[in-house]
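A short worksheet on the structure shown next.
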């Protein structure tokens, strides 16, 4: 009976340690791929004040998909000049986004996508509501021209 208890305790401890190790490993993997915690990209990134509008997004991000659908519905790419850059799988784009975050003096720990750099005014917008509102104002202005 004692032998069964010792074996059960040993298995319990082993499984607990293995589970903890897997969880720590997965957490570290998430931290390494989280765009908000990445260091800025190459030093030869484009200038911070470049006059461009850049929409940073993450591949598969549900909020980004809403913005994308909004832009397609409004045919925005035909009416407004802007670039899109994916940041979850592209470290150069992620570095550029973090450069813009620093230019706006934002806390990089609180940054996510969609993230918009308004290079014309040197401003940053974050989240689907702010980004869609920005584009709607641009579209309204473009339709008046």
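Points to keep in mind about this one:
- Estimated distance in nm for a label pair at residue 59 and residue 137, the labels positioned 7 Å out from Cα along Cα-to-Cβ: 3.3 nm
- The coefficient of translational diffusion for segment 36-144, derived via Stokes-Einstein from the alpha carbon Kirkwood radius under 20 °C and 1.002 mPa s, stands at 154 µm²/s.
- You can think of it this way: the chain between residue 90 and residue 66 has 6.6 nm of extra reach, that is 0.36 nm per residue less the Cα-Cα gap.
- Rg and Dmax of segment 82-145, based on Cα coordinates, read 12.5, 39 Å.
- Residue order for 56, 134, fewest other beta carbons within 10 angstrom first, comes to 134, 56.
Values in this text are rule-based calculations from the coordinates and carry no lab data. Predicted, not measured: the structure shown is a model, and the values here were computed from it. Don't worry about glycine lacking a Cβ; one is built from the backbone with ideal geometry, like all the others, and counts go over all protein chains shown.
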